[in-house]
Amino acid sequence: MNIITLGVHLIVKDEADLLPHCLASVAGADEIVMVDTGSTDESIAIAEAHGARVFQREWTDDFSAARNEGLVQATTNWILILDADECLQTPLTELRSLLQNTQAQAFTVNIDNWVGARPEDKVKHSAVRLFRNGQGYQYSGRIHEGIDTSILNKHNLSAIEHSQLEIIHFGYLPEIMARKDKINRNRHLLHLALTEYPDDPFCSYNLAVNCCQDGRLQEAETLLRQALHHVALEASYRPTMIRDLCKIYHAQGKTNAIDPLLMIELERYGDYPDLHFLLGQSLESQGLLERALLAYQHAESIPEHEVLSGKYVCEQGMSTFRPLYRMGLISQRIGLLEDAARFFHRALQHHSLYTPALQGIAAAFQRLAVPDEEITTLLIQLVPPTNSASRSAIIDSLYGINAYESITTLSRDIFPLELDTANGIISSLIITGKLEDACTAIRQMTSLASQDHHGLEHQKQWYTLWAICQWERYGEFKNDLLNHTSDELRSGLEYIERCQRQQEACPVEIEVDHFYSSFLSDLIQQSVKLHQLTLSHTLVDLFPVYRSELATALYKEGNWQAAGEEFIVLVRDKIADASVLFYIGEMIFDKGHYSEASEWFQQALEQEPEPELESARIGLSLCYLQQAKLSMEDALQSLNDAHAHGPLQEDIGAIRKSISLLNRTPWHTQWSFRQSEGRSSL
């Protein structure tokens with residue numbers, strides 16, 4: 001039997017922070033070959049300490065050139081390619097077992113790309129990363145380089161087999177993208193590649209992805225649409241192009257472009273769950289809930305082993321917890337609360353820490369009149385609070401349904417104050433009026449944070465909560481707060497006190513220092529969310545320019561009476577912005593005064609162009625339809641029984657159908673069940 005030797009190859013430049021984890025994951029490989037392209041940190045020393053052979057090469061804006069330099073140095077008969085921001089998840093023993101007696105020339109591996117902090121924030125794809133050495137294979141492509149073409153030039157497609165080997169890739173995490181300035185680096189390389197190969201659809205596709213990462217959606221859309229005219233139907237990345245184009249359309253509200261595209265492409269890629277899910281999202285946004293439900297069911301019906309086959313780029317959970325969660329939301333919207341609870345429960349069986357589904361099941365049971373205490377017990381049964389992530393998911397879900405009292409009564413032995421749970425617990429203490437307990441908890445957390453650098457980023461928020469508590473209790477910020485908080489927060493709080501003294505001395509309107517504008521806005525919104533309005537009203541009295549923000553925050557929090565009083569002042573003083581005009585129209589619409597509501601929606605649209613205020617356009621359309629329906633129903637009553645079945649009844653039926661469809665679109669402000677209870681009592 002031939003002895004299998006395995007080499008691990010990397011390209012590195014200044015990766016000292018991530019490299020140790022990467023190299024530790026492949027400890028035991030027969031060889032590690034690292035091509036360094038100009039590191040100035042400890043990368044080379046770290047690699048050598050792990051037994052790597054390091055070759056230094058000048059960076060020439062070409063990843064393939066660096067990869068091929070490493071291949072020249074290889075002495076093993078198999079090569080595994082890794083990046084410094086990746087870790088091999090599969091044990092090397094399993095990898096070596098795969099290579100025994102295989103006829104394959106290469107294997108694809110599954111790559112888990114982490115794109116956020118939550119467990120579900122992952123995108124899966126597969127790529128050729130494991131291949132035979134000594135066959136003359138070479139990488140090609142200045143960026144997003146690949147060896148597939150070289151292998152397929154010598155063998156047929158069966159030479160490349162799919163494996164279940166797994167790699168975790170951290171490089172798409174926002175903090176790493178920003179630190180490495182990857183967006184600008186990749187854009188530069190992609191433009192160089194397109195200069196050399198202007199008609200290469202793969203380069204155009206990757207430039208479109210780069211534009212998306214930079215928020216330039218219209219440019220990304222144009223690139224993708226152009227690339228689709230040139231890409232071959234059998235290209236492995238074509239279905240991903242369709243997926244990304246639909247995501248761009250969805251982000252821009254272009255549902256009229258999504259549906260016809262997916263109706264064609266799902267004929268080709270009917271086993272691609274992401275496309276079914278995107279179709280469901282599009283139909284749901286149009287109020288076509290039954291059709292959306294079918295699209296989500298299609299996504300959920302695709303077997304998990306097919307999703308894991310590496311055929312498509314997939315977001316995690318696109319055939320399991322994500323469509324099940326959307327089906328739960330739709331069932332909830334059409335009043336099928338027990339069905340909704342079942343869908344949420346099925347989603348949690350696939351991903352027990354999927355907070356949207358956990359909050360969804362809590363909300364469904366709350367609407368079914370289950371007491372908060374029993375809902376808390378249910379959540380603890382579904383997600384046993386054995387670690388920080390599960391405790392955080394439970395508290396976030398209770399907070400989402402406004403079960404603040406339940407949070408404050410949780411056992412601190414089981415739910416201790418920790419970085420992931422402190423904000424929910426402290427905020428609940430403040431909302432329920434337990435201000436002294438909240439201050440004690442804040443002091444405890446700031447003490448813990450000073451011993452843990454991960455907690456420092458939370459300190460500003462905790463001190464903001466402390467400031468709100470102090471103002472609510474004493475009408476001022478005490479020195480024990482100002483002496484310990486960050487310079488930024490201390491400066492903002494001192495600015496408020498200076499302005500207050502200035503107004504007391506000379507009662508005139510004070511112009512806001514632009515430097516503190518964002519700080520004041522955040523403080524107003526936070527105090528409203530915490531139901532502590534003393535500070536927010538003080539700030540609006542000092543700085544009337546924030547009255548619109550206060551009114552909007554009150555309205556969104558479900559405090560309609562206080563919001564209405566602020567709306568009156570804004571309209572009286574002729575300073576109501578488009579959002580305020582829309583909310584006034586919405587309040588009047590909900591009372592059934594459609595003619596008056598239409599006037600407010602119209603004013604909102606005159607201030608803001610339609611694409612930016614789509615909800616006002618839908619509200620206006622509903623007002624006209626409701627008025628038409630009422631007029632036609634009045635006309636019908638004046639007719640005799642001979643006209644009981646005729647064109648007028650058909651027209652009324654069509655209008656009712658249109659009203660029902662538009663009301664199913666997400667145009668209206670949404671509140672929790674607990675907030676809606678307060679609304680109905682007004």
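Every number in this text was worked out from the coordinates using simple rules, so none of it is lab data. Predicted model only: the values in this text are computed from it and were never measured. Using ideal geometry, Cβ is built from the backbone for each residue, glycine included, and neighbour counts are taken over all protein chains shown.
Per-structure values
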| quantity | calculated |
| --- | --- |
| Protection-proxy order for peptides 534-543, 226-235, each taking the mean of Cβ atoms within 10 Å per residue, highest first | 534-543, 226-235 |
| Percent of beta bridges antiparallel (DSSP, the chain, rounded to nearest 5) | 45 percent |
| Violating pairs (Cα-Cα greater than 28 angstrom) within the set Lys13/Lys460; Lys529/Lys629; Lys460/Lys529; Lys247/Lys629 | Lys13/Lys460; Lys529/Lys629; Lys247/Lys629 |
| Dipole moment magnitude, nearest 20 debye, segment 101-227 about Cα centre, only Lys, Arg, Asp, Glu C-beta charged | 240 debye |
| Largest-first ellipsoid semi-axes for segment 6-173, taking √(5λ) over the Cα gyration tensor eigenvalues, angstrom | 23, 20, 16 |
| Net charge contributed by nearby residues that have their C-beta within less than 11 Å of Cys246 (K/R +1, D/E -1) | -2 |
| Footprinting exposure proxy for Thr446, Thr386, Thr377 (fewest neighbouring C-beta atoms within 10 Å first) | Thr386, Thr377, Thr446 |
| Point-charge dipole on Cβ atoms (K/R +1, D/E -1) for segment 547-680, about Cα centre, debye to 20 | 320 debye |
| Between segment 556-621 and segment 249-271, the alpha-carbon center distance in angstrom | 33 Å |
| Net dipole in debye of the chain [+1 Lys, Arg Cβ; -1 Asp, Glu Cβ; about Cα centre; nearest 20] | 1060 debye |
| Sequence of Ser406, Ser97, Ser352 once ranked by neighbouring C-beta atoms within 10 Å, starting from the fewest | Ser97, Ser352, Ser406 |
| Mean Cβ count within 10 Å, highest first, over the residues of peptides 266-273, 339-346 | 339-346, 266-273 |
| Dipole of segment 6-173, positive end: most advanced residue of Thr76, Leu23, Phe63 [Cβ charges, Cα centre] | Thr76 |
| Whether segment 194-279 is rounded, prolate or oblate, judged on the alpha carbon gyration tensor where a/c under 1.5 counts as rounded | oblate |
| Long-range amide H partners of Ile32 with built H, under 5 Å | Val8, Arg53 |
| Selection from Gly134, His531, Asn663, by position along the positive dipole direction of the chain (Cβ) | Gly134 |
| Helix 578-590 axis, angle to the chain major axis (alpha carbon atoms, nearest 10°) | 60 degrees |
| Environment charge at Ser352 (Cβ cut-off 15 Å; Lys +1, Arg +1, Asp -1, Glu -1) | +2 |
| Cα gyration tensor shape of segment 547-680, rounded if a/c is under 1.5, else prolate or oblate by comparing a/b with b/c | prolate |
| Ratio of Rg to Rh over segment 319-420 (Cα coordinates, Kirkwood Rh, two decimals) | 0.97 |
| Within-11-Å neighbourhood charge of Lys529 [Cβ basis; K, R +1; D, E -1] | -1 |
| In Hz, Karplus ³J(HN,Hα) per residue of segment 63-74 (6.51, -1.76, 1.60; θ = phi - 60°; x = Gly, Pro) | 5, 4, 4, 5, 4, 5, 4, x, 4, 4, 8, 5 |
| Partner aspartates and glutamates for Lys657 [C-alpha distance under 15 Å; skip if fewer than 8 residues away on the same chain] | Glu290, Glu633 |
| For segment 316-328, 3J(HN,Hα) per residue [Karplus equation, 6.51 cos²θ - 1.76 cosθ + 1.60, θ = phi - 60°, Hz, x = Gly/Pro] | 4, x, 6, 10, 9, 6, 5, x, 5, 4, 5, 5, x |
| Residues Leu398, Leu358, Leu194, Leu613, sorted so that the one with the fewest Cβ neighbours within 10 Å comes first | Leu194, Leu613, Leu398, Leu358 |
| Packing rank of 512-522, 319-329, where each peptide gets the mean count of other beta carbons within 10 Å, highest leading | 319-329, 512-522 |
